[in-house]
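Student: Mind having a look at this structure? Questions to follow.
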Amino acid sequence: MSRRQHADALAGLVQLRADPAPRHRGRHLARRGRPVGFGAERGLLRVVLAVVLVAAVVYVGVQALRPAPVARAQFNDQVLRVPGGPLHLPWPTQGEAAMAVAGSGLVGTAGPQTPLPMASITKVMTALVVLHDHPLGFGQQGPTITITPADVATYQHDVATQQSVVKVAAGEQLSERQALEALLIPSGNNMADVLADWAAGSIPAFVAQMNAEAAALGLHHTRYVGPSGLNPGSVSTPLDLVRLGEAAMANPVFASIVGKPSVTLPVAGTVYNYDYELDHHGIIGIKTGSDSQAGGCFLFDDQVEVGGQPVQVIGAVLGQQTPPIIQSALHAAVDLAQALRPELAERTLLRQGQAVGTITTPWGSSVPMVVTKGLSVVSWPGETVRSGFQPVRLASSLPAGAHVGTMDVHLGATTTRLPVVAARALPGPGLGWKLTDL
């Protein structure tokens with residue numbers, strides 16, 4: 001053996017002694033180039049991936065199954081406007097005035113609408129309170145009222161102070177209807193006291209009822225201190241009186257009385273209506289009033305035919321001071337009514353199927369909401385009509401025609417309600433939106 005071979009053999013022997021288990025080294029060394037601990041890391045990775053997968057499945061399930069937000073109804077506008085206008089009416093240049101079309105709304109006003117004395121227009125409320133507590137059927141006369149010596153004394157006092165009176169005599173018997181005729185047609189101040197005592201037991205108790213009725217009718221600027229209107233403390237505004245006039249003319253007994261040009265009473269005989277315009281220019285009532293403090297006053301009802309149907313124009317004029325004051329009030333009212341007449345017509349305010357808003361969702365879907373029927377009203381150019389919307393609770397998706405709320409159209413003292421529906425089907429949210437909506 002050469003020296004070189006001997007050296008190699010010794011080196012091999014040393015190596016064998018240093019590594020007594022050469023066949024098991026792979027258990028402690030990386031196999032095929034893999035580092036030590038790779039198997040444990042791979043197991044951990046599998047656990048992490050499983051957790052992520054489970055979390056993803058849970059997230060998708062929760063997001064897909066959770067309730068979607070509801071749709072929301074957005075109403076377009078609160079004011080509807082009739083094309084044309086504005087109207088140019090001959091409003092009085094003194095005092096105050098207002099005019100409305102019954103069932104349609106307010107035409108306009110003149111003056112600041114601050115409370116003013118209303119003189120004998122007060123008797124409209126007197127009659128309403130009597131009829132409220134002692135109602136009459138159409139054509140009925142009602143109970144009997146016997147005139148007392150105290151009533152005669154009141155009459156004599158009123159004559160001496162140059163008031164508007166109806167002659168009476170002790171023991172005279174008037175039906176309730178006759179007493180109301182004496183109150184409203186010749187405007188007897190003494191008859192206002194007779195009716196107040198008869199109906200409520202005393203004038204103060206009756207006046208309290210008058211003010212309670214005013215509050216019930218929403219006459220917020222009206223106050224009564226007596227049943228006749230002689231005391232200037234009984235005040236109102238034309239706007240309030242228009243509402244009072246509508247309520248009064250809705251009572252057929254009241255309307256039939258104020259529409260009479262004259263009436264015959266047991267003692268007074270034939271008495272005449274101070275409404276000299278009655279049955280002229282369409283005027284069918286309601287009540288005049290005049291004195292030095294109130295000026296000329298007139299609460300009127302002008303009946304107009306529109307589309308073959310009668311329409312009532314209710315107006316009030318207060319504080320006319322140009323002599324003769326009562327004629328000034330009458331002429332101002334007639335001028336207003338005559339100027340409005342040719343402007344009145346039945347017009348379509350809403351068409352069936354007209355869009356009045358939009359139903360929207362957070363995920364971007366939207367459909368129009370529409371009224372299910374149209375609405376035509378007696379109106380004038382430039383009229384504005386208030387409206388509102390009462391929604392129902394909506395789901396996240398809707399079929400076509402689903403009820404979504406009610407549109408309220410306010411016409412004067414009345415409200416017309418129109419159903420509102422979805423014009424088309426509204427789709428719910430897609431899975432993509434649900435997964436991204438956090």
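The values are calculated or read from the model by the stated rules, or taken from the named source; none is laboratory data. Computed from a predicted model, the values in this text were never measured in an experiment. Every residue, glycine as well, gets a Cβ built from its backbone with ideal geometry; the counts of neighbours run over all protein chains shown. Accessible surface is based on the protein model in full, side chains and every heavy atom, while ligands, DNA and RNA are left aside. Shrake-Rupley method; radii C 1.70, N 1.55, O 1.52, S 1.80 Å.
Student: Assuming Val225 fulfils every condition listed in (1) crowded, with 24+ Cβ neighbours inside 10 Å; (2) touching a Gly at 6+ places or on another chain (Cβ under 6 Å); (3) part of a loop (DSSP other than H, G, I, E, B) apart from one, which condition is it?
Tutor: Every listed condition holds for Val225 apart from (1).
Student: Further question: Does Val271 meet the test of being modelled with pLDDT of 95 or more, in contact with an Asp or Glu (Cβ under 6 Å, 6 or more places away or on another chain) and either under 23 Å from Gly139 (Cβ atoms) or assigned to a loop (DSSP other than H, G, I, E, B) (or both)? Quick ask: steps written out before the conclusion?
Tutor: Values: modelled with pLDDT of 95 or more: yes; in contact with an Asp or Glu (Cβ under 6 Å, 6 or more places away or on another chain): no; either under 23 Å from Gly139 (Cβ atoms) or assigned to a loop (DSSP other than H, G, I, E, B) (or both): yes.
So Val271 does not fit the description; no.
Student: Could you identify the single residue in Pro362, Pro342, Pro368 that is modelled with pLDDT of 95 or more and either surrounded by fewer than 15 Cβ atoms within 10 Å (Cβ to Cβ) or touching a Cys at 6+ places or on another chain (Cβ under 9 Å) (or both)?
Tutor: Numbers: Pro362 fails: modelled with pLDDT of 95 or more; Pro368 fails: either surrounded by fewer than 15 Cβ atoms within 10 Å (Cβ to Cβ) or touching a Cys at 6+ places or on another chain (Cβ under 9 Å) (or both).
When all the criteria are applied, what remains is Pro342.
Student: Of Gly289, Gly285, Gly295, which residue is over 22 Å from Ser379 (Cβ atoms), open to solvent by less than 10 Å² (accessible area, probe 1.4 Å) and touching a Cys at 6+ places or on another chain (Cβ under 6 Å)?
Tutor: Only one candidate passes the filter, namely Gly289.
Student: Test Gly357 against the stated conditions and say whether it is small (Gly, Ala, Ser) and either open to solvent by 60 Å² or more (accessible area, probe 1.4 Å) or in a loop (DSSP other than H, G, I, E, B) (or both).
Tutor: no
Student: In the range 68-101, what residues are among the hydrophobic types (A, V, I, L, M, F, W, C) and under 18 Å from Leu350 (Cα atoms)?
Tutor: Within the range 68-101, Phe75, Val79, Leu80, Val82 qualify.
Student: Can you tell me which residue among Glu305, Glu277 is farther than 15 Å from Ala333 by Cα, open to solvent by 10 Å² or more (accessible area, probe 1.4 Å) and of a type in the set (Asp, Glu)?
Tutor: Of Glu305, Glu277, the one residue that is farther than 15 Å from Ala333 by Cα, open to solvent by 10 Å² or more (accessible area, probe 1.4 Å) and of a type in the set (Asp, Glu) is Glu305.
Student: Let me ask you something else. Exactly one of (1) under 28 Å from Asn231 (Cα atoms); (2) in contact (Cβ under 8 Å) with a residue 40 or more places away in the chain; (3) not basic (Lys, Arg) is unmet by Gly307. Its number?
Tutor: Evaluating Gly307 over (1) under 28 Å from Asn231 (Cα atoms); (2) in contact (Cβ under 8 Å) with a residue 40 or more places away in the chain; (3) not basic (Lys, Arg) leaves (1) as the failure.
Student: What pairs come out if I take residues in the range 276-296 that are more than 16 Å from Leu183 (Cβ to Cβ) and pair them with residues that are of a type in the set (Ser, Thr, Tyr) whose C-beta lies under 6 Å away, six or more apart or interchain?
Tutor: Pairs found: Gly296/Ser290; Gly296/Ser328.
Student: Pairs under 8 Å by beta carbon, first residue closer than 11 Å to Ser290 by Cβ in the range 319-336, partner assigned to a helix (DSSP H, G or I) and open to solvent by less than 70 Å² (accessible area, probe 1.4 Å), six or more apart or different chains?
Tutor: Final answer for the pair search is Gln320/Ser328; Gln320/Ala329; Gln320/Ala332; Gln321/Ser328.
Student: Of the residues in the range 385-432, how many are surrounded by 13 or more Cβ atoms within 10 Å (Cβ to Cβ), modelled with pLDDT under 90 and part of a strand (DSSP E or B)?
Tutor: Within the range 385-432, residues that are surrounded by 13 or more Cβ atoms within 10 Å (Cβ to Cβ), modelled with pLDDT under 90 and part of a strand (DSSP E or B) number 1.
Student: On to the next question. Filtering the range 88-123 down to residues that are in a strand (DSSP E or B) and open to solvent by 40 Å² or more (accessible area, probe 1.4 Å), which residue is nearest to Ala413 (Cα to Cα)?
Tutor: Within the range 88-123, the match that is nearest to Ala413 (Cα to Cα) is Leu106.
Student: Shifting gears a bit: Looking only at the range 249-264, count how many residues are touching a residue at least 40 places away in the same chain (Cβ under 8 Å), open to solvent by 10 Å² or more (accessible area, probe 1.4 Å) and within 20 Å of Gln173 (Cα to Cα).
Tutor: 2
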